[in-house]
1. Based on the mean of other Cβ atoms within 10 Å per residue, sort peptides 20-27, 299-306 so the most packed one is first.
2. Before anything else, pin down the relative contact order of the range 318-369: Cα pairs under 8 Å, at least 6 apart, normalised by residue count, whole percent.
3. For the range 100-184, what relative contact order do you get, as a whole percent, if you take Cα pairs closer than 8 Å and at least 6 residues apart?
4. Which is farthest toward the positive dipole end of the range 4-207 among 29, 132, 192, measuring Cα position about the Cα centre, with Cβ charges +1 (Lys, Arg) and -1 (Asp, Glu)?
5. Out of all DSSP beta bridges in the range 4-207, what portion is antiparallel? Express it as a percent rounded to 5.
6. In whole Å, what are the extents of the range 4-207 along the principal axes defined by its C-alpha atoms, from largest to smallest?
7. If you average 1/r over all unlike Cα pairs in the range 218-396 and invert the result, what Kirkwood radius do you get in angstrom?
8. Among the lysines, which have Cα under 26 Å from the Cα of residue 270 when same-chain residues fewer than 8 positions away are ignored?
Amino acid sequence: MTKFSDLALDPRVLQAVTESGYETPTPIQAQAIPEALKGRDVLGIAQTGTGKTASFTLPMITLLGQGRARARMPRSLVLAPTRELAAQVAESFDTYAKHTKLTKALLIGGVAFGEQDKLIDRGVDVLIATPGRLLDHFERGKLLLTGVQIMVVDEADRMLDMGFIPDIERIFQLTPFTRQTMFYSATMAPEIERITNTFLTNPARVEVARQATTSETIEQKLIAFAPSRKDRSFAEKRAVLRALIKAEGEACTNGIVFCNRKMDVDVVAKSLKSHGFNAAPIHGDLDQSQRTRTLDAFRDGSLHILVASDVAARGLDIPAVSHVFNFDVPSHPEDYVHRIGRTGRAGRLGKAYTISVPMDDKYLKAIESLVKMEIPRGELPEGLDLAEAGTDRPREERSPRGRGDRDRSRGRGERSGERERSERKPRFEAETVAAEPAEPVAVVAEAPARPERNEEPRAERREPRDRRDRKDDRREDRRDDRRDRRDEGGSVRGMGDHVPEFILRSFKIAAPSPETAEDEAPADAES
């Protein structure tokens, strides 16, 4: 059996590997490290969790043992699709290069440019970066790539999914043609194969497992159900997820829940927390410091459930993940392989549950076609009542009032409103008591003054008695006037109680008789 001591690594690197507790390399490490130490290009194809990071980190540290970096000209470059994966590669470099004097810099988004510029200006042997932030530094004139001797592209198929391929091609063109290139991917899409044919020279192809296969140490289950209503599908899936986690009990030491959309990540995490689970979200829209704190908490065990988008599906090395829950069936079949690959790592056993509804059937067929197997079907957890899945609040926290209570409260409100109206009615009728007929008087009604905001209510104001009497007299006069006009068949339109009397008069002029017209014609002409 091959050991690390048989791979011609630098003694300082071997010492760090031994201190980390490793003696035997994984298959991809045993095949890729010797070819990389020869200076050949390497094309590595292996499923996630097989130790790809060490397969390029160890030979890179050995090859860079001699020499020194110049300012703003790194000697090697590692490209990763996500900030978390780039940070993980940096940690791996720190672990295996701790007995050397090699320097590194990590260029990722969410961190100030100033600190990164200082590291680049001092000169670094290993530059680890995401494509976007690397090009930002280059366009600002802070970085030169003409001194790159070794270039590594990690998780190339994820780069393709995230739209980084044009950036990768541009970065390749900025590096020397004589560089050594190591290209790692879990799958080989046609676009990935085109890039390898263009930028790799006679690579050593290292394929330790059939493309897009799942680990045999992972127990897979598909939980398929039909929601009671289409609009309740999301809520009922959350209920199924909670029931699955509870059914696993203590066997679920920690777990990752994967969602397709960032907004669903937040909703599912909030739902789990409201039901007493120790859960937190992580996705690309969160601040980098928050993402780092969440991952650190999950690694050290203070966080039980990590709800994630596919930003956490690739390359994150968290060895002791016991369960993976696919809340959504991934739309890209390759993502299924990477998601469930977060568990069952390094020979450990793991479980992966996938929740599906009828609309996910086409995605399931694509996944089963890719992995060349049918995902075993499982049953819904016992005691799960989907009828109670319409709310994210626990049963004991829900309001006990039902529809009958709402109706009774509505009835009480209506009765109280009627009581208030009945209390106001006598005062209104007292004001409208018909007085004895009186001569109508022409009264010009004053426009009511607009009450101020802090003015006391009308019922509490106190006015002089004689002023109130005059107002009552004017009201009664106006009512009598309207009563008289109604008796005469008149009508008031548009202006209510304050219509001046002259507007109600008719101004039609009768046609003049012929004799009158002849008498008036000369007068009109003369005028």
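Nothing in this text is a laboratory measurement; each read-out follows from the coordinates by a stated rule. Because the structure is a prediction, the values reported are computed rather than measured. Every residue, glycine as well, gets a Cβ built from its backbone with ideal geometry; the counts of neighbours run over all protein chains shown.
1. On the way: 20-27: 14.0, 299-306: 16.2.
Result, highest mean first: 299-306, 20-27.
2. It rounds to 47 percent for the range 318-369.
3. On the way: 85 pairs, mean separation 25.1, N = 85.
After rounding, I find 29 percent.
4. Sorting the options by dipole projection puts first 132.
5. Values: 1 of 25 bridges.
Around 5 percent antiparallel, to the nearest 5.
6. 44, 40, 30
7. Values: mean 1/r = 0.0610 Å⁻¹.
Its Kirkwood hydrodynamic radius stands at 16.4 Å.
8. 221, 230, 237, 246, 262, 351
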